[in-house]
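Scroll down for the structure; my scribbles are underneath it.
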């Protein structure tokens, strides 16, 4: 499935000034969410979406093997046909692989959880990773450890899975899914300095636990803001930061 939106109008410039952000999803529920986030970050931007639900199903069943990687690359190239300035892979299970395939796809690719991970480890301390899908835990933990090492903060990463919540998501019970994750976050927060919501589908939980003293971070909004910044920088020419660069570096 591929879906795209063109801006209704271009303010202060021509259509050639409009940036395009591509999104690779493993669930169609993410399309309106990221469309709205992009409209908030840059009302004039164009968005293009490709959804492949089988990617996550196969990755959960057998890991991200050569077959899954090949299809990720195929989907990135499909997005490439729409000439995006940056592509965001919104599935934490496969987003690291998508980022690594950027060269073959000839596209700048940003994994959704990179900006969140950089923020989570910035202050050191204990970072709890909440995930409802087991296949997300390893990639998220690895990214957090890499970011902590790069930042030199010595953050400790601990896994806090909530696997029983996923059945509600698969059944279309979004409210029940979010409520279960929120209860879990409340149980975990007292034992952590930061809680990371490892999946894009969990983002709304942050609003449900605003009363907690422990910061609870989600990935969608920071990723979209970073993608817009990268797209604008790319338009400025050589020397622009790459998706994998740490914040404040090039």
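We did not get these values from a lab; they are worked out from the coordinates using the rules stated. Every value quoted in this text rests on a predicted model; they were computed, and no experiment measured them. Neighbour counts run over all protein chains shown; Cβ positions are idealised from the backbone, glycine included.
For a test of the definition: using alpha carbon positions, the gyration tensor, and the 1.5 limit on a/c, classify the range 52-178 as rounded, prolate or oblate. The shape class here is oblate.
Based on Cα contacts under 8 Å between residues 6+ apart, the chain shows a relative contact order of 19 percent.
Note on the chain: Cα-Cα pairs beyond 34 Å make up 13% of the total pair count.
Expressed as an acute angle from 0 to 90° and rounded to the nearest 10, what is the orientation of the C-alpha long axis of helix 174-189 relative to the principal long axis of the chain? For helix 174-189, the angle is close to 60 degrees. Given Cα pairs under 8 Å that are at least 6 residues apart, what percent is the relative contact order of the range 115-218? Dividing the mean separation by the residue count of the range 115-218 yields 33 percent.
Over the range 4-146, calculate the relative contact order: mean separation of alpha carbon pairs under 8 Å at least 6 apart, over the residue count, as a percent.
Details: 205 pairs, mean separation 32.4, N = 143.
It rounds to 23 percent for the range 4-146.
Taking the Cα atoms only, what angle lies between the long axis of helix 66-80 and the longest principal axis of the chain, rounded to 10 degrees? Compared with the principal axis, the helix lies near 40 degrees.
The angle between the Cα long axis of helix 53-62 and the main principal axis of the chain comes to about 50°, on a 0 to 90 degree scale.
Just to confirm my numbers, what's the Cα centroid distance between the range 108-164 and the range 45-100 in Å? The range 108-164 and the range 45-100 have Cα centres separated by 20 Å. Both numbers refer to the Cα atoms of the range 58-116; Rg and Dmax are 10.9, 32 Å.
From the square roots a ≥ b ≥ c of the eigenvalues of the alpha-carbon gyration tensor of the range 118-170, which class results: rounded (a/c under 1.5), prolate (a/b over b/c), or oblate? The shape class here is prolate.
The order of 162, 147, 89, going from fewest to most other C-beta atoms within 10 Å of their C-beta, is 162, 147, 89. Counting Cα-Cα pairs of the range 115-218 in 10 Å increments starting at 0 gives whole-percent bin shares of 17, 51, 28, 5, 0. Arranged from fewest to most other beta-carbon atoms within 10 Å of their beta carbon, 186, 75 become 186, 75.
Rounded to the nearest 5, what % of DSSP beta bridges with both residues in the range 115-218 are antiparallel? The partial results should precede the final answer.
On the way: 0 of 10 bridges.
The antiparallel proportion sits near 0 percent.
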